[in-house]
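Asks: Quick one: structure below, then a few questions.
The values are calculated or read from the model by the stated rules, or taken from the named source; none is laboratory data. Predicted model, so just to flag it, every value in this text is computed and none were measured. No Cβ is skipped: glycine too gets one built from the backbone with ideal geometry, and neighbour counts run over all protein chains shown. Ligands, DNA and RNA are stripped out before the accessible areas are found, and what is left, the full protein with its side chains, is counted by its heavy atoms. Shrake-Rupley method; radii C 1.70, N 1.55, O 1.52, S 1.80 Å.
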Amino acid sequence: MALAGCGQPLQLDAVQRTRTPLVAQSAVSTGMPDRTASTSAPTRVTQTAAQERSPTAAPATRTPTVQIIPSTPMPQTSDARWRAQQIDREVLDPPQVYRVVRRTPLFWFDPMTGQTLEIGTVLGNIPVQARFRLRATGEVALEVPYRINNDFGLTAISEAVRSRMEAAGYTVSVEAFVLESDAIQAP
């Protein structure tokens, strides 16, 4: 087998007969490849300048490698993502019953997508367990517990909305909300 380069064939037998490696390691290892080593002529390992001056000098030691592993935040729960959307949350303990005099949309925040979805509309009495402002819009909202397909006459909500609730970990109930307006009367 012969390699061609520079117009002259390279005899592999002559290269195999030399036992000197084409690239040698340096006496002090830095963990980085030696880019200055020549591949055209054999090289040999030499002592460092400090070892040549002092024959009793200890060989150079490798500096320990420092590995930095940043801490990753714990994944937030669906409830924590929902709470992060609320500003100035005021818990009403015990919950208070508000009266809705005109049909008003009941919303749910999907923590998996960050979207607000309409569940349906409510009319009549609703229990309110908290009052807060929405981070995205600044609007004042009232938090209403909603048992899925059970409360407020909303017994057949959209299958798509129900599937998203289930994907977020809610199979029995969710914390829904209504936007505060003149259609909602405080007790």
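Asks: Using a Förster radius of 22 Å, what is the FRET efficiency between Ala167 and Gln129 based on their Cβ-Cβ separation? Nearest 0.05, please.
Replies: Efficiency, from the Cβ-Cβ distance: 0.40.
Asks: A further question on this structure: Can you tell me the accessible area per residue over the range 89-185, all protein chains present, probe 1.4 angstrom, in square angstrom?
Replies: Heavy-atom SASA per residue in the range 89-185 reads 53 Å².
Asks: If you don't mind, there's one more thing I want to ask. Give me the percent relative contact order of the range 89-185, please, defined on Cα pairs under 8 angstrom at least 6 residues apart. Write out the running numbers ahead of the final one.
Replies: Values: 187 pairs, mean separation 32.6, N = 97.
Relative contact order here is 34 percent.
Asks: Taking amide H positions as placed 1.01 Å from N in the peptide plane, with prolines and chain starts having none, which residues 5 or more places from Ile119, or on another chain, fall under 5 Å of its amide H?
Replies: Under 5 Å from the amide H of Ile119 lie the amide H atoms of Leu106, Phe107, Trp108, each far enough along the sequence or on another chain.
Asks: May I pose another question? Efficiency by 1/(1 + (r/R0)^6): what FRET value for Arg89 and Ala156, r their Cβ-Cβ distance, R0 = 25 Å, to the nearest 0.05?
Replies: Values: r = 31 Å, r/R0 = 1.24.
It comes to 0.20.
Asks: Could you please state how large a percent of the accessible area of the range 109-149 is carbon and sulfur, counting protein chains only and using a 1.4 Å probe?
Replies: 47
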